[in-house]
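Report on the structure given below.
The values are calculated or read from the model by the stated rules, or taken from the named source; none is laboratory data. Just so we're clear, the structure is a prediction, and the values are computed from it rather than from any experiment. Positions of Cβ are backbone-derived with ideal geometry, glycine not excepted, and every protein chain shown enters the neighbour counts. All accessible areas refer to the heavy atoms of the entire protein, side chains included, with ligands and DNA or RNA removed. Shrake-Rupley method; radii C 1.70, N 1.55, O 1.52, S 1.80 Å.
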Amino acid sequence: LRFRLAGYPRKHNEGRIEVFYNDEWGTICDDDFTLGNAHVLCRQLGFVAATGWAHSAKYGKGVGRIWLDNVNCAGSERSIGDCKHRGWGNSDCSHEEDAGVVCKDERIPGFKDSNVIEVRKLPARVGSWCGAVWEFSLGVQESSTGFPGSADPSGDPRGQGALSTLGRVAGDTSTATGHAGHGSGLLSPHRLFTERQELNYRLHSVSCTGTEVHLSMCSFEFYRGNASAACGAGMPAVVSCMPGPLFATGNAHKKKQRQLQQQQGQPRIRLKGGAKIGEGRVEVLKSSEWGTICDDRWNLQSASVVCRELGFGSAKEALTGARMGQGTGPIHLNEVQCRGTEKSLWNCPFRNITQEDCKHTEDAAVRCNIPYMGYENLIRLSGGWSRFEGRVEVVVGAGDGDQPRWGLVCGEGWGTLEAMVACRQLGLGFANHGLQETWYWDASNVTEMVMSGVKCAGHEMSLSHCQHHGASLSCRNTGTRFAAGVICSETASDLLLHAPLVQETAYIEDRPLHMLYCAAEENCLASSARLANWPYGHRRLLRFSSQIHNRGRADFRPKAGRHSWVWHECH
């Protein structure tokens, strides 16, 4: 059985549920449908659970067969076929009763999807290829036969399998460095600390073309038997990764990167709408105008070309359906089909867009592998009522030979841009608020102010990368109540006014004052209206229609509940 979500309008984790049975796609009737049914279906789609379900063809009417009716699952079944139902194809429903599901936006670790490489965060171990010493193990799991478990594309660089050895290294190292989060690398035989530890060999003859997004996708051979005695003719190889411009630490590295950027001129590709470094909606510059890419045929190979062009590693997700928010302006490219060897997305075959082809609901996005920098260990929140809010505390003295200590950030000048960097560094998404006073979160024994004058551009990966006063603190109000705080959010709204509509619909109207009492009560008129001879005379008004779009990833909803809204006739 295969499953998919369909219909419109919907998000990526919800939709009409369709099942592929007997070589034909069909729907499920909503009769007797329960949340237990939705749990089973969401797990089969690769999500951890369901948060709701929909009836009466909420996501539009399907076509073809209605495969299941009166489905009744307990919620723990492995497949919808294990639940009670009337039998395949036996239904008295119409497509007006097609069921839908709403799944929790969290993937099952290791779930196989052609556009996703799931990474499980496990402790690093040292293993080796015959030809490679590596500080993590290749995610190839041994099955009961002793062979790797069906070349799992979701293998993790820190996975549970033992790392292998390369006897004869073939191909390119961009695969190896790519899933480690680096842009490129060199591979060379080297006796690196091999005399001091016993190496455990698992793989040999690993052969990558360089276009793979993960090492588990390369061809290789697996050692059986005594792994420590293997690789007699070879030695461990070493991979040396070259950091992208964002991750270069030494001055020489940074100087080289600056020279490279000056030679290349203005970048023609960027990521927008992502909360973290290395993720976002893909936007390209064409004819001096930024635009998006349609997600038709969008896959991990094309996404990896984008990631590497921007100085990241290979892609771990190729996102479709405007998962990183809808863009604005033109959609420049469609059906991008990279082989994976291209230096730039512009070198890949693509089709120019026509107006009928795509909408911004189909904007393509990526999540890239990036090097682990450990910045999240240098910041924390205290006193908040949830893990997404609190007073900002940072580590100072780490790496200077001194004992590292936690301290507060001066709230003076602290705003949304600084909060954006703090939330990104914490891994908590977007910033809702940057707070200059946090007396209501006084729940920590940290009282010393250690950072002041923080001024961020908004794109930095850590607060330490922003401008600040350094060791010479300058904070007028040093009490803990004036320490900086943040409220972070996993999603963000991005409300944009449809400016052309305002221009197209604007007109001048002379309106009698006796028809403007309501507008006056709401301060919709200029202050001089108070001096007018009410109810006689008129006011000259500029009238226009407005339209506001939420291009971000947060639901658009008012803070006040519907019951507390106040309605005015003049609206």
Exercise. Which of His538, Ile508, His498 sits farthest toward the positive end of the charge dipole of the range 497-550, with +1 on the Cβ of Lys and Arg and -1 on the Cβ of Asp and Glu?
Worked result: His538
For this session: Could you pull out every residue, at least 5 positions away or on a different chain, whose amide H is within less than 5 Å of the one on Glu317? Hs are placed 1.01 Å off N in the peptide plane, and Pro or chain starts have none.
Result: Ile117, Arg367
Seminar exercise, completed: Once Ser79 and Arg405 are pulled to full extension, the length gained, defined as 0.36 nm per residue separation minus their Cα-Cα distance, is 112.2 nm
Problem set entry | Cα lying deepest toward the dipole's positive end in the range 375-489, options Leu426, Leu463, Cys488, charges on Cβ | Cys488
Seminar exercise, completed: Heavy-atom accessible area of Ser474, protein chains in place, probe 1.4 angstrom, given in Å² to nearest 10, is 70
Problem set entry | Accessible area of Met242 in the full protein assembly, 1.4 Å probe (Å², nearest 10) | 110
Seminar exercise, completed: For Ile66, other-chain or 5+-apart residues with amide H closer than 5 Å (H placed, Pro excluded) are Thr27
Exercise. How much solvent-accessible surface does Asp105 expose, in Å² to the nearest 10, with a 1.4 Å probe and all protein chains in place?
Worked result: 90
Exercise. How long, wide and thick is the range 401-459, going by the Cα atoms along their three principal axes, in whole angstroms, largest first?
Worked result: 32, 29, 22
Exercise. Ranked from the most accessible area to the least, with a 1.4 Å probe and all protein chains present, what is the order of Asp92, Asp23?
Worked result: Asp23, Asp92
Exercise. Long-range amide H contacts for Tyr21: which residues qualify at under 5 Å (H placed 1.01 Å from N, peptide plane, sequence gap of 5 or more or a different chain)?
Worked result: Gly26
Exercise. Can you pick out the pairs among Lys11/Lys276; Lys286/Lys343; Lys286/Lys455; Lys11/Lys61; Lys11/Lys359 whose Cα atoms lie more than 24 Å from each other?
Worked result: Lys286/Lys455
Seminar exercise, completed: Judged on accessible area alone, 1.4 Å probe, highest first, Phe482, Phe33 line up as Phe482, Phe33
